[in-house]
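The values are calculated or read from the model by the stated rules, or taken from the named source; none is laboratory data. From a predicted model like this one, the values you see are computed outputs, not experimental measurements. For neighbour counting, all protein chains shown are included, and Cβ atoms are generated from backbone atoms with ideal geometry for every residue, glycine included. Please note that ligands, DNA and RNA were not included when accessible areas were found on the heavy atoms of the full protein model with its side chains. Shrake-Rupley method; radii C 1.70, N 1.55, O 1.52, S 1.80 Å.
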Amino acid sequence: MSTKEDGLLLALELEGGNDSPRALRETVQAAELAGFTLVTFTENPGDALDAGTRAAFVSSSTSTIGLAPTVHTLTTEPFFLATQIASVDHTSHGRGAWVVGADNSAAAHDAVGSTVREPDSIRQEIRDVIDVARRLWDSWEDDAVIRDAASGRYLDPDKVHHVRFEGEFFDIVGPLITPRPPQGQVVVVGDAALGVTDLLDIALVQSLDQVDDARTDGAPLVFLDAGADDDFASLVGVVDGVRFRAGTAEDLRAILENVVPTLAIRRPTATTLRENLGLPRPVSRYAAAKENS
């Protein structure tokens, strides 16, 4: 939790999925220059580019800001989801994150040929997708890649693990097809209303009434989705961060000119998102299990 001396962590939700590549790049660069720690990308039907592609695109033109595409759990194959998010972390050299999406609309399912889920099963399926993604990110130990030219070995097979996940909705053997993400575990962001707060790194709340419950449920960090009437100065020490929404360049300009200068903020100073959020880099569960056996 932030202290009054720390200030607030700032996040920005980019709602437009059809901006030109140049406009997208300039928007994210402006947020980085202003001291934002994280930018999140929506995923909407009809967007010219999906959220993961947009995040990967801006990774080469930014250096400190975290990049968090929304990828939907109910309409994306879990192995592909985990690989895509790990790839964002690799391309950004440790600034990747994932906003857990849960679009259950008929249009979203029709787009990929899946079926609308029954309400009673949604929470468990979301939990399973997050769980298997985290297992897959751990499936390569940090030192699995050895690049031993003498023996012709690229990796140590004893340090790459099958996750062997068997659930109600899907089974995955694993391992991941990419080495472990630079952050070890990519930062997972999600709305507290999803009911999976204990699996998140950042819980998003819609009102201050939800903050205590989010912390009790295990969220390391709590961000408030900002409203027009919020007294932002009073939020320091109450929440860890604030996420603003910008649907247009004018929205962003108003935030940068009228709101950000009035706040005590925590600016990114490190090279990875986990460091800038104050989150530790976890050891692979499979490496830890070997050490404890």
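Computed quantities for the displayed model
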| item | result |
| --- | --- |
| Tally of residues being in contact with a helix residue (DSSP H, G or I) (Cβ under 9 Å, 6 or more places away or on another chain), in a loop (DSSP other than H, G, I, E, B) and touching a residue at least 60 places away in the same chain (Cβ under 8 Å) across region 231-250 | 1 |
| Elements of type helices (runs of 4 or more DSSP H) in region 30-144, at least 2 residues being within 17 Å of the chain's Cα centre (by Cα) and polar (S, T, N, Q) | 51-59, 78-91 |
| Residue within region 182-191 that is farther than 22 Å from Gly101 by Cβ and open to solvent by less than 20 Å² (accessible area, probe 1.4 Å) present | yes |
| Hits in region 214-239 - residues which are surrounded by 14 or more Cβ atoms within 10 Å (Cβ to Cβ) and closer than 20 Å to Asp251 by Cβ | Phe223, Leu224, Asp225, Ala226, Asp230, Phe232, Leu235 |
| Condition broken by Val222, with the remaining ones in (1) more than 17 Å from Ile65 (Cα to Cα); (2) not in a strand (DSSP E or B) satisfied | (2) |
| Any hit, region 106-113, residues being modelled with pLDDT of 95 or more, of a type in the set (Asp, Glu) and either open to solvent by 50 Å² or more (accessible area, probe 1.4 Å) or touching a Phe, Trp or Tyr at 6+ places or on another chain (Cβ under 9 Å) (or both) | no |
| The one condition in (1) open to solvent by less than 10 Å² (accessible area, probe 1.4 Å); (2) modelled with pLDDT of 95 or more that Phe57 fails to fulfil | (1) |
| Flag if Thr91 is in contact with a helix residue (DSSP H, G or I) (Cβ under 6 Å, 6 or more places away or on another chain), in contact (Cβ under 8 Å) with a residue 12 or more places away in the chain and open to solvent by 40 Å² or more (accessible area, probe 1.4 Å) | yes |
| Restricting region 270-293 to residues that are at pLDDT 95 or above and open to solvent by 100 Å² or more (accessible area, probe 1.4 Å), the residue that is nearest to His162 (Cα to Cα) | Arg281 |
| Residue within region 11-24 that is open to solvent by less than 50 Å² (accessible area, probe 1.4 Å) and among the hydroxyl-bearing types (Ser, Thr, Tyr) present | no |
| Residue list for region 242-257, filter: touching a Ser or Thr at 6+ places or on another chain (Cβ under 7 Å) and open to solvent by 70 Å² or more (accessible area, probe 1.4 Å) | none |
| Scan of region 197-213 for residues that are surrounded by fewer than 24 Cβ atoms within 10 Å (Cβ to Cβ) and either in contact (Cβ under 8 Å) with a residue 24 or more places away in the chain or not hydroxyl-bearing (Ser, Thr, Tyr) (or both), ordered by number | Asp198, Leu199, Asp201, Val205, Gln206, Leu208, Asp209, Gln210, Val211, Asp212, Asp213 |
| Selected residue (criterion: most open to solvent (accessible area, probe 1.4 Å)) from residues of region 114-143 that are of a type in the set (Asp, Glu) and within 23 Å of Ala55 (Cα to Cα) | Asp131 |
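The rows are residues; the columns are (1) modelled with pLDDT of 95 or more; (2) in contact with a helix residue (DSSP H, G or I) (Cβ under 8 Å, 6 or more places away or on another chain).
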residue: Trp140; (1), (2): yes, yes
residue: Lys159; (1), (2): yes, yes
residue: Arg164; (1), (2): yes, no
residue: Phe170; (1), (2): yes, yes
residue: Asp213; (1), (2): yes, yes
residue: Asp229; (1), (2): no, no
